[in-house]
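**Q** Structure incoming, see below.
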Amino acid sequence: MTKDKDLTKGRPFNLIFSFAASMMLGNVFQQLYTVVDSIIIGKKIGPMGLAAIGGTDWLIFLVNGFLIGLIQGFSVLLGNKYGEKNEKAFKHYYKKARLICIVIAIAFVIVLTAGSGVLLSVIGTKDEVFDNAKTYVDIIFMGIPFLVFYQFFAATLRSCGNSRIPLAAMTVSSLCNIVFDYVFICVIKLGIAGAALGTVMSECVVMIICGYHLHKNHTVTFGEQKEAEKEEVFEEGGTYKKLLTVGLPMALQSVITAVGGLIVISNVNRYDIDFLTGYTIAGKIYALLEIAASSYGMAVVAYVSQNYGAKKFTRIRQGVRVSLLLGVATALVCSFIMIFFGEKSMHLFVDAENISQRVFEYGKEYLLILGLFYPLLYILYIVRASLQGIGNTLIPMISSMGQLVMRVSCAIVLTKVIGCSGIYYGEIGAWMMADIILIATYIHEIRRSN
């Protein structure tokens, strides 16, 4: 892989910023098609279409989060072996992780397509949008193999410090998705099904690009290797155990977060359609501004995992400090946008004359509250990623439990006191709780490594 990057050498700022910038640009394109998808649905299908998709967001996040978390866990071990310059171990873990991905992808398609109706009923999907929501999730679930292997190939490339190929693939995929959406929804008029097909086909495109590059350049150059590394013997059961020991907590972390979201959305569904639509539109804007946070997180995981494998602990501390400064500065810019331009941004998704003003009022309040505390979210992503990079995936999972408690408590209890705004404050409480747990653990780990 000619564009792999050794993150154990060079200035941490330059490495992390350039890596994160590449991921950010790729994620911008990914979110771009999500935004365009929502705009087309809002304009061509209407608020009911947006409500149908909004009601499934957390269910899809539950599934995707589990799969992506599991694969990111695999990439931590791959990054460690890359940092150790242990080519034999890297290739061994890659092959075993790939086999796990095949089994998981098949199992998830079978189970989820069979049970989608039940899952939608459990989260209280409204009757008026139920059919559209089921059509949407069924198609998304059928495309899970594309998602799994796109994420696996991209994560493997990132574990070697290669963020350029995933960026290029995501850019092409996002542009294709916009075209797919327009053709399927506006030309062929497939409605909600067209939006889902566009997403699945774009995942197929990015999977092909990343997979082609990875396997075309299958010889990874690690330089000189020690004889002990060349003679290393692997036990089949031990390999799977190591992969799952790191991967499952990261997967469960996403599941726990999603469960909290599903409980929240079930409470959101108790309110009128105006609230659900406003919440959905504001959530799209929130997700767009969250891109940089997840990009910093991916960069930190790659950076820390390689340096941890190379036993360069001082570089780890330097890199995390730099990431926190970059993250907080970026979050403040996002806060400014949410607070002062949140409502104006919502007008991109729907025609104001065709929708209640209350939709904009709900969304504006949501974005205002989140914007005031947004740096907390960026700190969460970066500190959590630093722990995951050194192989500590248990504490991030526990922090997700704290987030679950806060989201659910606010959705069930606080809403009875201050109304639907309690749901918004649940997000803030979740960020605070997670930050407390993660920061305390990170400080302990750093002191222990001295």
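**Q** Name every residue in region 388-398 that is touching a Ser or Thr at 6+ places or on another chain (Cβ under 6 Å) and either more than 13 Å from Y296 (Cβ to Cβ) or assigned to a loop (DSSP other than H, G, I, E, B) (or both), in order of residue number. Explain how you work it out, then say what you get.
**A** Here is the first cut: in region 388-398, the ones touching a Ser or Thr at 6+ places or on another chain (Cβ under 6 Å) are 389, 395.
Within region 388-398, just I395 meets the criteria.
**Q** Cβ-Cβ below 7 Å, separation at least six or inter-chain, first residue in region 181-193 and loosely packed, with under 14 Cβ neighbours inside 10 Å, second part of a helix (DSSP H, G or I): which pairs?
**A** Listed pairs, sorted by first residue: C186/I40; C186/K44; I188/G194.
**Q** Kindly list, by first and then second residue, each pair from a residue in region 366-382 that is free of Cβ contacts under 8 Å to residues at least 60 places away in the same chain to a residue that is surrounded by fewer than 18 Cβ atoms within 10 Å (Cβ to Cβ) and of a type in the set (F, W, Y), limited to pairs with Cβ atoms under 9 Å and residues at least 6 apart or on different chains.
**A** Between residues of region 366-382 that are free of Cβ contacts under 8 Å to residues at least 60 places away in the same chain and residues that are surrounded by fewer than 18 Cβ atoms within 10 Å (Cβ to Cβ) and of a type in the set (F, W, Y), the close pairs are G371/F336; G371/F340.
**Q** Further question on the same structure: Can you tell which of I423, I382, I436 is at pLDDT 95 or above, assigned to a helix (DSSP H, G or I), closer than 22 Å to A287 by Cβ and of a type in the set (V, I, T)?
**A** Working: I423 fails: at pLDDT 95 or above; I436 fails: closer than 22 Å to A287 by Cβ.
Among I423, I382, I436, only I382 is at pLDDT 95 or above, assigned to a helix (DSSP H, G or I), closer than 22 Å to A287 by Cβ and of a type in the set (V, I, T).
**Q** Having 3 or more residues that are under 22 Å from I68 (Cα atoms) is the bar; report the helices (runs of 4 or more DSSP H) wholly within region 273-376 that clear it.
**A** Fully inside region 273-376 and qualifying: 273-289, 291-309.
**Q** Could you please let me know if V408 is closer than 21 Å to A258 by Cα, of a type outside the set (D, E) and modelled with pLDDT under 90? Lay out the reasoning, then the answer.
**A** On the way: closer than 21 Å to A258 by Cα: yes; of a type outside the set (D, E): yes; modelled with pLDDT under 90: yes.
When the stated conditions are applied, V408 passes them.
**Q** For T441, state whether it is of a type in the set (S, T, Y), within 30 Å of A310 (Cβ to Cβ) and surrounded by fewer than 21 Cβ atoms within 10 Å (Cβ to Cβ). Full working, then the answer.
**A** On the way: of a type in the set (S, T, Y): yes; within 30 Å of A310 (Cβ to Cβ): yes; surrounded by fewer than 21 Cβ atoms within 10 Å (Cβ to Cβ): yes.
For T441, the condition - of a type in the set (S, T, Y), within 30 Å of A310 (Cβ to Cβ) and surrounded by fewer than 21 Cβ atoms within 10 Å (Cβ to Cβ) - is met.
**Q** Could you say whether any residue in region 67-75 is over 21 Å from the mean Cα position of the chain (by Cα) and assigned to a helix (DSSP H, G or I)?
**A** Here is the first cut: in region 67-75, the ones over 21 Å from the mean Cα position of the chain (by Cα) are none.
The answer is no; no qualifying residue exists.
**Q** Could you tell me which of the residues L7, L32, L25 is part of a helix (DSSP H, G or I) and at pLDDT 70 or above?
**A** On the way: L7 fails: part of a helix (DSSP H, G or I); L32 fails: at pLDDT 70 or above.
Being part of a helix (DSSP H, G or I) and at pLDDT 70 or above holds for just one of L7, L32, L25, which is L25.
**Q** Moving to a separate point now. Of everything in region 348-378, what is surrounded by 21 or more Cβ atoms within 10 Å (Cβ to Cβ) and β-branched (V, I, T)? Give them in sequence order.
**A** V350, I355, V359
**Q** When the residues of region 306-336 are filtered to those that are surrounded by fewer than 18 Cβ atoms within 10 Å (Cβ to Cβ) and of a type in the set (V, I, T), which remaining residue is modelled with the lowest pLDDT?
**A** The extreme case among them is T314.
**Q** Spot the failing condition for C410; the list is (1) buried (at least 24 other Cβ atoms within 10 Å of the Cβ); (2) within 19 Å of the chain's Cα centre (by Cα), and only one is missed.
**A** All conditions are met except number (2).
**Q** Answer yes if at least one residue in region 330-353 is more than 21 Å from the chain's Cα centre (by Cα), among the aliphatic types (A, V, I, L, M) and under 30 Å from F90 (Cα atoms), and no otherwise.
**A** no
**Q** Residues of region 93-142 being exposed (fewer than 13 other Cβ atoms within 10 Å of the Cβ) and among the hydroxyl-bearing types (S, T, Y), which ones?
**A** S121
**Q** Looking at E353, E343, which one is farther than 22 Å from G426 by Cβ and acidic (D, E)? Outline the logic, then answer.
**A** Working: E343 fails: farther than 22 Å from G426 by Cβ.
That would be E353, the only listed residue that is farther than 22 Å from G426 by Cβ and acidic (D, E).
The values are calculated or read from the model by the stated rules, or taken from the named source; none is laboratory data. As the structure is a prediction and not an experimental result, all values here were calculated from the model. Neighbour counts are summed over all protein chains in view; Cβ atoms, including those assigned to glycine, are modelled from backbone coordinates with ideal geometry.
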